[in-house]
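A single structure is presented below for examination.
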Amino acid sequence: MLDTTSLNRGSLLVLNSGSSSVKFTAFRVGAGAGQVAPLFSGQLAGIGTDARLSARSADGDVIADESWAKRDSGSVPALLPGLLAWIEGHLPADLPLLGAGHRVVHGGRNLHRPAVITDEVLEELERIIPLAPLHEPQNVAAIEVLKESRPDLPQVACFDTAFHHTQPPVCSTYAIPRHLSEAGVHRYGFHGLSYEYIARYLGENLPDLAQGRVVVAHLGNGSSLCGLKNGVSIDTSMGFSVLEGVPMGTRCGSLDPGVIIYLMRKYDMDADELERLLYHQSGLLGVSGVSNDMRVLEESDDPHCKLAVDLFCLRVAKEVASLACSIGGLDGLVFTAGIGENGKGIRARICEHLDWLGIRLDPERNAARADLVSAEGSLPVRVISTNEEFMIALHTVDLLTAGVAD
Ligand code: AMP
């Protein structure tokens, strides 16, 4: 572990590794544990097709926009050592890299807070892979590559499931035979780092609201909602996997399980075909037949695009009402992530469905994306930019600081 003095003179790297891209942010660690500030961020995207590195400084200046196609051997792990070298080459000389924090989609039942990577933690992560077969292997591979290429570099895993560990069994249990629940088939919830950031933001900036009952709508390419009570997760729309809840860019959202049985019998679909259908061909893309991008759908006159948008807005509104039931009422609504932060028309349409709950937007504030977009007399509706990378950096500093790690 590191001491606080060395952390004051260094930097941290936050990585979010997917199947064809790696997003990264380098942070300076400031005076005092817990103080982190971004240096630069970017992504290596299109790996396997036409890899390209792009990065910007914290001020927004472009510091990289270059093809990595020649280096592209088709896999994220193969390119990671080169990316790490590029990142370290761009760190200020007096801020050596002191550690790495990873976004990891699933912590399973046992890893319910950020963890320093040890052999035991890695073994547990390998064991969890069947719970999130599309995302977890990429996260674990990145940790393993860094461990191999930089065995001296401390690493921390931060889980999207961890924040929801506080949910009561009445919210996290499926109505299936108990032995399956006990074997881990239950509602884990995701986007936890985003919700944790919002809960922290509310606690620091809007303490009265933070102590109340708040629904947070994280609406992006992947979407979910979370019911917070006093800053703690009580219920969420995603469950066992990232498929449950509201429809997303290409994921179906909640579906009658009878549909799956029907598809298996009628179309002889196997697990791989169902996975493709439900994760990659459904949601906004499936309904519209045109795009998974909300901006494209909103601009289109195609009735199928209109249906996709209508369906999304109604399902999000229904989820707000459902979560309000779980948290015993509603004191405020927060929109965040790509659609939540930028989609003023979508926010307006979702809130139209919630008029009966006392929610009304102020059209001008909403169009201007003010922090507070609700009208006078309405329940407060806020737009807050999420920052999962910042949350990971904070956890990483906390865990890597001697005496704080457990
Ligand atoms: P995220 O996964 O949080 O990066 O969000 C990506 C999603 O945000 C994409 O599906 C975009 O369509 C959506 N998005 C970005 N800007 C806007 C906008 N101005 N209006 C509606 N949706 C947007």
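Ignoring ligands, DNA and RNA, please state the percent of accessible area on segment 66-204 from carbon and sulfur, probe 1.4 Å. Can you show the working numbers first?
On the way: 3460 of 6280 Å².
With neighbouring chains kept in place, the figure for segment 66-204 is 55 percent.
Counting only Cα, what are the radius of gyration and maximum Cα-Cα distance Dmax of segment 170-236, in Å?
Reported Rg and Dmax, both Å: 13.9, 43.
Something else about it: With a point put 7 Å past each Cα toward its Cβ, work out how far E123 is from R295 in nm, to one decimal.
4.8
Could you state the angle between the C-alpha long axis of helix 76-89 and the longest principal axis of the C-alpha atoms of the chain, as a value from 0 to 90 degrees rounded to the nearest 10?
60
Next question. Can you give the local net charge around T386? Use residues other than it whose beta-carbon is closer than 13 angstrom to its beta-carbon, Lys and Arg +1, Asp and Glu -1. Let's see the in-between values first.
On the way: positive: R103, R200, R382; negative: D160, E196, E341, E388, E389.
Neighbour charge sum, excluding T386 itself: -2.
On to the next question. What angle do you read, to the nearest 10 degrees and between 0 and 90, between the alpha-carbon axis of helix 303-326 and the longest principal axis of the chain?
Orientation of helix 303-326: about 80 degrees from the principal axis.
Would you mind counting up the charge near C325? Only other residues with Cβ under 15 Å from its Cβ, with Lys and Arg at +1 and Asp and Glu at -1.
0
Let me ask something else about it. Report the calculated FRET efficiency for A321 and Q211 (r = Cβ-Cβ distance, R0 = 25 Å), to the nearest 0.05. Walk me through the numbers on the way to the answer.
On the way: r = 22 Å, r/R0 = 0.87.
Rounded to the nearest 0.05, the efficiency is 0.70.
To continue, here is another question. For the chain, just the Cα atoms, rotate onto the principal axes and tell me the three extents in Å, largest first.
57, 54, 46
Now a separate question. Please return the longest range in the chain lying between exposed loop sites, taking trypsin sites (Lys or Arg not before Pro), DSSP loop only, at most 13 other beta-carbon atoms within 10 Å, and leaving the sites out. Walk me through the intermediate numbers first.
Numbers: sites that count: R9, K70.
So the longest stretch without any such site is 71-406.
Just in segment 288-357: which chymotrypsin sites (Phe, Trp or Tyr not before Pro) are loop by DSSP and have at most 12 other Cβ atoms within 10 Å?
Values: sites: F312, F335, W356; in loops: none.
Qualifying residues, ordered by number: none.
Just to confirm, what accessible area per residue do you get for segment 209-315 at 1.4 Å probe, in whole Å²?
Details: 5040 Å² over 107 residues.
With all protein chains present, segment 209-315 gives 47 Å² per residue.
Taking a cut-off of 21 Å, what percent of all Cα-Cα pairs in segment 57-200 are separated by more than that?
Values: 5628 of 10296 pairs.
Counting every Cα pair in segment 57-200, those more than 21 Å apart make up 55 percent.
As a test of the formula, what do you get for the chain when each DSSP H run with n ≥ 4 contributes -39,500 (n - 2.57) and the sum is divided by the residue count, at 222 nm and rounded to the nearest 500 deg cm²/dmol? Please report the intermediate quantities before stating the final value.
Details: 17 runs with 154 residues, N = 406.
It lands at -10500 deg cm²/dmol.
With everything on Cα atoms, drop me the angle between helix 136-149 and the longest principal axis of the chain, reported from 0 to 90° to the nearest 10.
The answer is roughly 10 degrees.
Right, another one. Under 5 Å between amide H atoms, partner at least 5 residues away or on a different chain: which partners does T236 have, H built in plane at 1.01 Å?
The answer is G227.
Something else now. Over 22 Å between Cα atoms, which of K266/K306; K318/K344; K229/K318; K23/K147 qualify?
Working: K266/K306 29 Å; K318/K344 19 Å; K229/K318 19 Å; K23/K147 18 Å.
Those over the limit are K266/K306.
With both partners inside the chain, how many of the DSSP beta bridges are antiparallel, as a percent to the nearest 5?
Details: 41 of 60 bridges.
Bridges in the chain are about 70 percent antiparallel.
Another question about this same structure. Sum up the charges of everything whose Cβ sits under 15 Å from the Cβ of H90, counting Lys and Arg as +1 and Asp and Glu as -1, but leave H90 out. It would help to have the intermediate numbers written out before the result.
On the way: positive: R28, R56; negative: D59, D61, D65, E66, E88, D94.
Taking every other residue near H90 into account, the sum is -4.
Indicate the gyration tensor shape class of segment 1-124 (rounded, prolate or oblate), computed on the Cα atoms with a ≥ b ≥ c the square roots of the eigenvalues: a/c under 1.5 is rounded; otherwise a/b larger than b/c is prolate and the rest oblate.
The shape class here is oblate.
The values are calculated or read from the model by the stated rules, or taken from the named source; none is laboratory data. In this text the structure is predicted, and so the values were computed from the model without any measurement. For neighbour counting, all protein chains shown are included, and Cβ atoms are generated from backbone atoms with ideal geometry for every residue, glycine included. SASA here: full protein model, heavy atoms, side chains in, ligands and nucleic acids out. Shrake-Rupley method; radii C 1.70, N 1.55, O 1.52, S 1.80 Å.
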